[in-house]
Amino acid sequence: MQEQANNAKPKPAFKWGFASVTGVILVLLVVGQVAGELLSRWPPMRGLMRATGAFSGHGRFEGSVLGAMAMRDWLFGAFILAALAVALLNRASILRFFRTMQTGVMLIALTTLSILTGVLVPQIEGFEDPEQRVTVTNRADEINKFEWAEGYFFYHLTHLYGIGMPPADLPPQALAGLEKFGRVYGQEEEKNRKVQMYAAFTGRAKSDEIEAFVKRHRATLDNAFSFCTAIDLNRTYKSSWFATLIWLLGIGVLINTFRYPWRALFTFEKAGFFVTHVGILTLLTGGMVSNLFTDRGILELRLGEPPEDTYFRHYRFDKRARMPFGVKLDRFARKEWKAIDVYFPQENFQSNPPRYTVWPDRVIPLDWQPDATGELQPQIELRVREIHEHAKVGESRVFEGTADDGGPTLALAQFDAPASRASDEHAHQASARTGRSKIYRAPDFADDRIWTDPDGKCRLLVAHGTDTRAAFPAPGDDAFATLLIDVLSAGLDAPKPFRVHLNDHLQLPNGYDLYVRAATRDFKPGRDSDKGPGEVRPLPDQPDGFRAVWVEIVPPGGKEPERRLVSEIVDPVDNGLQENYKYKDVVVRLRWDRWSEMGSPRYVLSWDGAGKNVKLTPQSGPESAVTIGQELNLPGDAHLVLQALYERARFEKTINFLPGQIDPDGFDPSFYETDARGMVLDVVRFPHTPQETIETVRMATSEEAQADIWQSGDDRFRIRFFENDEGFPFDWRSVLSIVEKDAQGNQKPIDCGTSKKREIRVNEYFTYKGYRFFQTNANPKEPTYSGIGVVYDPGIRIVLWGMYTIIAGTVLAFTVRPIVRARKRAKVNA
Amino acid sequence: MNPMLWNSFDWLQVADGICLAGALMCAVSVFAHWRASLKGVQSHGYSLLSTAFLAMTAAAMACSVGMRWVEVNHFPSQNMNEVLVMFTAALVLSMLVLHFALGLHRRGAGWAILDDALMLFVFVGTYFAHEFIRTLNTAQRDLPPALQSYWFPPHLSCLIFSYATLGIAGLITIVYFATRFWSGVWVGGWSTRSQLLILAGMLLVPFAQLVTIPVLALVGLVFLGLRALGKLPTRETLSGLEKSLDDVSFRAFAVGIPFLTGGLWMGSFWAQEAWANYWGWDSKENSALITWLIYVVYVHVRMLGGYRGEKAMAVLAGGALSVFMTFQIFGYLPDSQKSMHRYTDDGVQPKEGMSGGAQDDSASAPAGQAPPQDSAR
């Protein structure tokens, strides 16, 4: 028997293949997912998690966790110990499992697949927060996002190469309009707008089909969402199964990196791969540290407010954490891109002109006309010579031109009035001191002929001619706005204007109906929503702010109506909103009528062509003669004084450019000043021809003295220089300071160095006690607010070292090794 | 700026002209090398001319990228038009680097044919890519604050160069599988299942009409020509060719992978500076990581498992497909709808620099979502 036993061959070791390895890993993932869920509720683990929070300043120990243990918790603890014991006893098999090539490859492959899952299944909003789940509150939103994202993906997957997608044809009128546009702004601009329009047309039809696709498969998609939620596929990277996979990968890398003797690892052949693996281990270690200790959120600071020590965790308003110190916002500024646009008034383009960001030496060719050979040549070239960060607009002189000075006819009334609120930010210092400024109103420009009292007591319209009564709205005409509506598929020559009241019903081409549901004179993004205004006061009682209306568009065929917010200052096409609307075929723009809307009493100031017969006419009551220098008899405290009247107004602007002041350490305090920006521009007519003329123009981004506007002598075009706050800013910066409480509980400032050291920008952070602060948010409507990202992450440095090491290892393995090898081989051959 | 200087698109046209001439030169070179290989003669003269055209194209592309940099006043990778020009520039440069790194032209006339063919694909691909680029929106776009970083040029350049190089490695795998397919048809030795699998892969891969189908057709034409001449290669010759293609594709991969690694992790270095978050699990980051991991699998199966031939080549082709998806199809993927990296899409407001505001806080709505100021007066 004994001999038989001795002669028995040892049982051959199990040979791992890809399938068996995959099976084991998948089982481990399931165990990991279950164990992870149980661990998250296991008192010792909860205590540990709270304790680790102590490193970031907001965690705490809460006494003994053992007292909170129930029987099942003890059982779970026993299970963990048993599992560890089994692993220890079978360590040889486990090592062999991890040392097979198949295990290594499958761990990487399954990690790849898991990450791919996270790309193919939309992750829920705020998934970065480990506590975030799909709940009753967010389920509807998440399902909608899931359905749209998957619908979008599968629609394109089933329409490869665009086969079966709806065709997109631009109406001939639109093409003709684009060609005219291209003649002025250049063929490149024409092509770009055409590309955008085609995208909008295809996008519209595609969106409809995707929505239909989603509707058809709603039940399947909902089930898919529930399945993904059940196994955490929509929060893949924070799931327990994914953590298990990364742990297994880390163990595999660890075991295989050090499986050979040290000497073997530092051979020329293996060094690169060894370094790479060490890098991966370092990276995973750092990731684990980050995972355990990281906290992040946003700190909302405002200029002039006391230090703040509480931030919103994971950008959520309902989760707060406190730092062991306070942070104060000492300085903040947001600077926009400097831009110009060029209007050609005679062309009557419906869409907005292109906006050109300007920098020194930029050349903008415009007004393209065919030359003798038929080739298009620009008739105007704008050459940016200088850009200045600080410009001061001096008192400008307005004077009456002569009939033969080549300038345009420009009727103008000049008043002494309270300083404009809109221009407060860049107001001229003189007017900021006195609170009053010169303002101009032009009767020939619809947008510039009405003045409204800052307190809403009255409004004044300047008019040319003697029939002042005709300037008032006809009795009963109290339309508050004009809607300019274009139905693209109808191929209208131009958008159709509709003067509207609340609850008006408009019948549009191609069977669309439009209802004016609500309106506001003071749109506020927080209070008002896409669905309707939060403001309950009647329109005439609302303050003077951003105008907006809410319309309901009902398509033909009884389809679902669309509720749409239309703002006066946001062009739906230029700002890309049109593409997101349900009925993209219908373009609605708003022109508020500040004169005919119901509201404060109306007055008309009129004069004849020679600046005589000046009179002030109230809507109800007798007119009265006005003389230059006289205060107008208007209600309210504005004390508007008529200073001058012009027929051919000419401006002589004084714009001075000031140098910025940069501290020796590189800090630029002038960044935080609110000066206007300046520009010197060469306006070249008939460039590169014998008729070329150059006029050098100084401009500033201030409305003061119309320093931001330049008009050509022949009235062909008008240039506007402004700070473009429509998209992302050019830059935003904050200077922070730190305060800590002393033993008596008093806040005392901490010396954290110069302003330069405490200044943060998007790519430059400030660190204090392990907390990193970086510029992440701002609001152009609230210039004193600065959103500061806060992160406490002790793992960052470890991870970065891991990444540097991986790069070094890869270069060693794949660049240095082959080169050295080739040289050795060449030597041997030689 | 002197307006008489050629602009970026003029330089692109110059590059196109050289590409056409270079493609013609490569076609002549293929023919000459084929004849030389039949006679057993070494011939490098034609390769030198093709390489000169490649170098000239690279110079013209560098001028185009440089001019665009001046025209838009920042590193030109802010819209798809600029990124694709960078890619074609990188493609030409990669081919130039690989021409010397692989040294195919030095291995004999037969190998020089492959070198010529790769260059021919690069010339033709660059030309047609430029045709496509001209249909895209070319408007200048301002850089959001987060992109105003010194990491922007090296991060983008490394990734795009690696995409181009790994794309060429992927092209070699397509040549490999096309050769496998046609050798199976005309010489035999492969199962019908294997043949069908290759054909399905070639036809069903996204945008097959741009790469896989033309390569399959070209290799098919070569086999047809050889058959007509009665010079179909033997099974042994083909086996040797496949081994060599495997070796060449690995070398091309070895040139690209350090750049992919560098580009990927440079993105992390940049992200931790901008948002103190080296990895945000954003879908673009994830797509790039997937690509890198597929290549890691390739290294392991090839270097540890000793895999050669179709299995290793299939993984390498998978890597190239992942590069393509990350680079061009990313915008269609479900989780990409809320990605912070969609700054090359038309009409999509980039979210770079906006890590968000506290939710439900009306007073501090994120800047990108607040209505703009009344700048139009």
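List of remarks:
Okay, residues lined up against (1) within 14 Å of chain B (Cβ to nearest Cβ); (2) touching a strand residue (DSSP E or B) at 6+ places or on another chain (Cβ under 6 Å); (3) among the small types (Gly, Ala, Ser):
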| site | (1), (2), (3) |
| --- | --- |
| A:Ser624 | no, yes, yes |
| A:Gly636 | no, no, yes |
| A:Val641 | no, yes, no |
| A:Ile655 | no, yes, no |
| A:Asp675 | no, yes, no |
| A:Leu681 | no, yes, no |
| A:Met699 | no, yes, no |
| A:Gln706 | yes, no, no |
| A:Arg733 | yes, yes, no |
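- Search result, residues across the stretch A:267-285 that are over 17 Å from A:Gly252 (Cα atoms) and within 12 Å of chain B (Cβ to nearest Cβ): A:Glu269, A:Lys270, A:Gly272
- Set side by side, the residues B:Thr212, B:Thr234 differ, and just one is among the β-branched types (Val, Ile, Thr) and within 14 Å of chain A (Cβ to nearest Cβ), which is B:Thr212.
- Contacts under 6 angstrom Cβ, first residue in the stretch A:660-673 being closer than 12 Å to A:His390 by Cα, partner modelled with pLDDT under 90 and assigned to a loop (DSSP other than H, G, I, E, B), 6 or more apart: A:Ser670/A:Gly660; A:Ser670/A:Gln661
- Filtered by the rule that a residue be closer than 17 Å to B:Ala146 by Cα, assigned to a loop (DSSP other than H, G, I, E, B) and not polar (S, T, N, Q), the stretch B:227-277 gives a lone residue, B:Ala276.
- In summary, B:Gly319 fulfils each of the numbered conditions (1) touching a Ser or Thr at 6+ places or on another chain (Cβ under 7 Å); (2) among the small types (Gly, Ala, Ser); (3) under 30 Å from A:Gln196 (Cα atoms) with the single exception of condition (3).
- Taking the criterion of being in contact with a helix residue (DSSP H, G or I) (Cβ under 9 Å, 6 or more places away or on another chain) and either assigned to a helix (DSSP H, G or I) or surrounded by 19 or more Cβ atoms within 10 Å (Cβ to Cβ) (or both), the residues of the stretch B:124-135 that qualify are B:Val124, B:Gly125, B:Thr126, B:Tyr127, B:Ala129, B:His130, B:Glu131, B:Phe132, B:Ile133.
- Among the residues listed as A:Phe153, A:Phe127, the single one being within 11 Å of another protein chain (Cβ to nearest Cβ), modelled with pLDDT under 95 and out of contact with any Pro (no Cβ under 8 Å at 6 or more places or on another chain): A:Phe127
- Given (1) outside any loop (DSSP other than H, G, I, E, B); (2) more than 14 Å from chain B (Cβ to nearest Cβ); (3) within 23 Å of the chain's Cα centre (by Cα), index of the condition A:Lys582 fails: (1)
- Scanning the stretch A:758-780 for residues that are in contact (Cβ under 8 Å) with a residue 60 or more places away in the chain and over 16 Å from A:Phe730 (Cα atoms) turns up A:Arg758, A:Glu759, A:Tyr768, A:Lys769, A:Gly770, A:Tyr771, A:Phe773.
- Every residue from the stretch A:73-95 that is part of a helix (DSSP H, G or I) and of a type in the set (S, T, N, Q): A:Ser93
- Residues satisfying the stated conditions in the stretch A:232-266, i.e. over 44 Å from the mean Cα position of the chain (by Cα) and part of a helix (DSSP H, G or I): A:Ile255, A:Asn256, A:Thr257, A:Trp262, A:Arg263, A:Ala264, A:Leu265
- The condition of being at pLDDT 85 or above and under 24 Å from A:Glu782 (Cα atoms) holds for only one of A:Asp513, A:Asp486, A:Asp530, A:Asp522, that being A:Asp522.
- Annotation note: of B:Ser283, B:Ser268, the sole residue that is closer than 25 Å to B:Leu333 by Cα, among the polar types (S, T, N, Q), free of Cβ contacts under 8 Å to residues at least 40 places away in the same chain and facing another protein chain (nearest Cβ under 8 Å) is B:Ser268.
- Residue in the stretch A:198-209 that is more than 11 Å from every other protein chain (Cβ to nearest Cβ), of a type outside the set (Val, Ile, Thr), over 30 Å from B:Thr138 (Cα atoms) and under 30 Å from the mean Cα position of the chain (by Cα) present: no
- The number of residues in the stretch A:522-536 that are under 18 Å from A:Met598 (Cα atoms) and within 11 Å of another protein chain (Cβ to nearest Cβ) comes to 1.
- Filter result for A:Leu565 (closer than 21 Å to A:Gln507 by Cα, aliphatic (A, V, I, L, M) and touching a residue at least 24 places away in the same chain (Cβ under 8 Å)): yes
- The single condition from (1) touching a residue at least 60 places away in the same chain (Cβ under 8 Å); (2) facing chain B (nearest Cβ under 10 Å) that A:Leu539 fails is (2).
- Those residues of the stretch A:156-186 which are closer than 30 Å to A:Glu347 by Cβ and within 12 Å of chain B (Cβ to nearest Cβ), in sequence order: A:Tyr185, A:Gly186
- The one condition from (1) surrounded by fewer than 19 Cβ atoms within 10 Å (Cβ to Cβ); (2) within 7 Å of another protein chain (Cβ to nearest Cβ) that B:Ile329 does not meet is (2).
- Residue match in the stretch A:579-601 (condition: in contact (Cβ under 8 Å) with a residue 12 or more places away in the chain, more than 30 Å from A:Ala548 (Cα to Cα) and hydrophobic (A, V, I, L, M, F, W, C)): no
- Residue check for A:Pro729: modelled with pLDDT under 95, facing chain B (nearest Cβ under 8 Å) and more than 25 Å from the chain's Cα centre (by Cα): no
- Some residue of the stretch A:690-700 being assigned to a loop (DSSP other than H, G, I, E, B), surrounded by fewer than 17 Cβ atoms within 10 Å (Cβ to Cβ) and modelled with pLDDT under 90: no
- Which listed residue is within 7 Å of chain B (Cβ to nearest Cβ), at pLDDT 90 or above and within 25 Å of B:Glu273 (Cβ to Cβ), from A:Arg758, A:Arg772: A:Arg772
- Selection count, the stretch B:293-320, where residues are facing another protein chain (nearest Cβ under 9 Å) and under 17 Å from the mean Cα position of the chain (by Cα): 1
- Residues located in the stretch A:130-145, provided they are within 14 Å of another protein chain (Cβ to nearest Cβ) and of a type in the set (A, V, I, L, M): A:Ile143
- Consider the stretch A:781-799 and keep the residues that are within 18 Å of the chain's Cα centre (by Cα) and more than 7 Å from chain B (Cβ to nearest Cβ). The one that is surrounded by the most Cβ atoms within 10 Å (Cβ to Cβ) is A:Ser786.
- Residues in the stretch A:525-562 that are surrounded by 13 or more Cβ atoms within 10 Å (Cβ to Cβ) and among the β-branched types (Val, Ile, Thr): A:Val549, A:Val551, A:Ile553, A:Val554.
The values are calculated or read from the model by the stated rules, or taken from the named source; none is laboratory data. All of these numbers come straight from a predicted model, not from anything done at the bench. Cβ: placed from backbone, ideal geometry, glycine included. Neighbour counts: every protein chain shown.
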